[in-house]
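Worksheet for the structure shown next.
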Amino acid sequence: VLPPSILPRSALGPRTMTNTVVLKVAMMCTGCSGAVERVLGKMEGVQSFDVNLETQKVTVVGTVTQEEVVAKIAKTGKTVEPWSD
């Protein structure tokens with residue numbers, strides 16, 4: 001039996017591994033943060049999220065990848081990049 005990291009994604013069945021994705025999103029107003037909250041709230045696999053307008057930090061917990069979250073937020077027109085401490 002191959003370890004999960006070697007199996008093709010389709011062989012793993014439904015994704016069950018929970019990830020935490022932390023991003024910096026350019027948000028200037030409550031309308032901006034509201035748009036990000038709306039798309040995350042509708043995104044499949046998202047269990048919880050926190051959008052901080054003041055620090056421009058977005059934290060997402062769920063069975064989603066960073067790439068999926070970046071693509072979804074980018075559709076709002078916001079600039080998105082990985083968070084760096």
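The values are calculated or read from the model by the stated rules, or taken from the named source; none is laboratory data. In this text the structure is predicted, and so the values were computed from the model without any measurement. As a convention, Cβ positions derive from the backbone with ideal geometry for all residues, glycine included, and neighbour counts pool all protein chains shown. These area figures cover heavy atoms from the full protein model, side chains too; ligands, DNA and RNA do not enter into them. Shrake-Rupley method; radii C 1.70, N 1.55, O 1.52, S 1.80 Å.
Please count how many residues of region 49-70 are open to solvent by 50 Å² or more (accessible area, probe 1.4 Å) and either closer than 11 Å to Val21 by Cα or aliphatic (A, V, I, L, M) (or both). Working first, answer last.
At the first step, the residues of region 49-70 found to be open to solvent by 50 Å² or more (accessible area, probe 1.4 Å) are 49-50, 52-55, 57, 66-68.
Adding the requirement that they be either closer than 11 Å to Val21 by Cα or aliphatic (A, V, I, L, M) (or both) leaves 49-50, 53, 57, 66-68.
Selection size over region 49-70: 7.
Taking interchain pairs and intrachain pairs at least six residues apart, which have beta carbon atoms under 7 angstrom, with the first residue in region 25-51 and farther than 13 Å from Lys75 by Cβ and the second among the aromatic types (Phe, Trp, Tyr) and open to solvent by less than 80 Å² (accessible area, probe 1.4 Å)?
none
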